[in-house]
Amino acid sequence: MNAVPQRVEHQMTDKGYVPVYTTSVIEQPWDQYSATDHQVWATLFERQQKILVGRASDEFLRTQQAMGMNAHQIPKFDDLNRMLRATTGWELIGVEGLLPELTFFEHLANRRFPVTWWIRKPEQLDYLAEPDLFHDLFGHVPLLMNPVFADYMQAYGQGGVKAHGIGPEALVNLTRLYWYTVEFGLIRDTGGLRIYGAGILSSKGESIHCLESDAPNRIGFDLERIMRTRYRIDTYQKTYFVIDSYEQLMDATRPDFTPIYARLAAQESVPAGTVLDTDTVYNRGTGEGWLTDGDV
C-alpha cells in the first residue's frame, strides 16, 4: 500500500465518457482531505439521513449507527476496520477508482471491500458517473456488519472469480445479480418495502423514486429472472427486485451457477421495466405481492 493516491475518474473521448480502471490499493490519505471534502461528506450524510427515515431497511440503519458514522467528518478506514474485523472479519481497502472485474471479485472473495478514497466535488452532489467515497462508505459498508449479508458478499466474490473463468456471458449474468441486489435491492421489512441497495441509499432522487413513484416495477426475487434482466446506469431504475430476507440472498448463492449460466445462454434477456406473467409484483406501500396476469 505504498502507491501515491490518484483520483481516477471517467475520461471524455470522442466516443463519450469511458471508464478508466485501476488496480492500486492505497492507504486512506485522511490528512489530505480538505475542509471542502469534509463539508461535502456532511452535506450528503445529513441529507440522506433525513430522506432514509422510513425508507431504509431497519438493519441498514442499525448497522450504520453501530459503526458510529456521523456528519462531523469523513470516517477513517482504520476506525471502521477495527469494528468490521471484530464483527464479520471484513476490512476496507482504499482504491483510486473503478477496479477490473477479476480484481474486484478477488477482493470480495477474501473479505476485502474496496472503497474509493476520494469524494465528489460540490458541483457533483446529485450525480457522479462512478462510485466515490460517499457511495462506497455510506451506501455499502454498514451492511457488512450483518453476518449473513457479509457472507453473501464473500460468496458473490467467489462466484465472480469462477464466472470470470467461464466467459463473458456468465459475467453479464452475475453482474446483473450484483446490480439488482447489492446496488439496487429492496427488502420486505416490518413496515413495508425498504431499501438495502447502496446505489439507492446513497442517492437522494432514487431513494424517493424507488418507493414512491408509480413508474418502476417492484418484482419478487428470482435468481434466474434477475440474471436475465438488463439495466441502465444513466437513469433511475425501471425495475427493482424485492427480497424477503438477507438469508434469501445467501441461500441463492449456494448452488453451482454453472448449469444456470448454460440455461440462460439459450434464453433472451429481458428489457428493464418488463413484467412477466410469472412475476410477483409488490405494492409499494404495504409490501404485499400478487402474481401478474400477463406481460405488461
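Here, each number is a calculation from the coordinates, and none is a lab measurement. Because the structure is a prediction, the values reported are computed rather than measured. Cβ: placed from backbone, ideal geometry, glycine included. Neighbour counts: every protein chain shown.
Values as computed for the structure displayed
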| item | result |
| --- | --- |
| Dimensionless Rg over Rh [segment 1-136; C-alpha; Kirkwood] | 0.96 |
| Most positive-pole-ward Cα, 135, 180, 65, against dipole of the chain from beta carbon charges | 65 |
| Lysine pairs in the chain with Cα atoms under 21 Å, if 8 or more residues apart or on separate chains | 4 |
| Where Rh is the Kirkwood radius over Cα pairs, Rg/Rh for segment 176-296 | 0.94 |
| Percent of beta bridges antiparallel (DSSP, segment 11-291, rounded to nearest 5) | 50 |
| Test item: Cα-centred dipole of segment 204-296, Lys/Arg +1 and Asp/Glu -1 on Cβ, debye | 340 |
| Value of Rg/Rh across segment 136-210 [Cα atoms, Kirkwood radius] | 1.02 |
| Residue with peak Gaussian network fluctuation, the chain [Cα springs, cutoff 10 Å], from 119, 233, 243 | 233 |
| Peptides 257-266, 271-280, 222-231 ordered by average Cβ neighbours within 10 Å, highest first | 222-231, 271-280, 257-266 |
| Net charge of neighbours whose Cβ lies under 11 Å from the Cβ of residue 152, counting Lys and Arg as +1 and Asp and Glu as -1 | -2 |
| Within the chain, helix-based [θ] at 222 nm, where runs of 4 or more DSSP H residues each add -39,500 (n - 2.57), nearest 500 | -11000 deg cm²/dmol |
| Most mobile listed residue (52, 92, 102) in the chain, GNM with C-alpha springs under 10 Å | 102 |
| Relative counts (whole %) of C-alpha pair distances in segment 96-159, using bins that are 10 Å wide | 21, 47, 26, 6 |
| Gap separating the Cα centres of segment 139-184 and segment 1-69, nearest whole Å | 20 |
| Cα-Cα P(r), the chain, percent of pairs per 5 Å interval | 1, 5, 12, 16, 19, 18, 14, 9, 4, 1, 0, 0 |
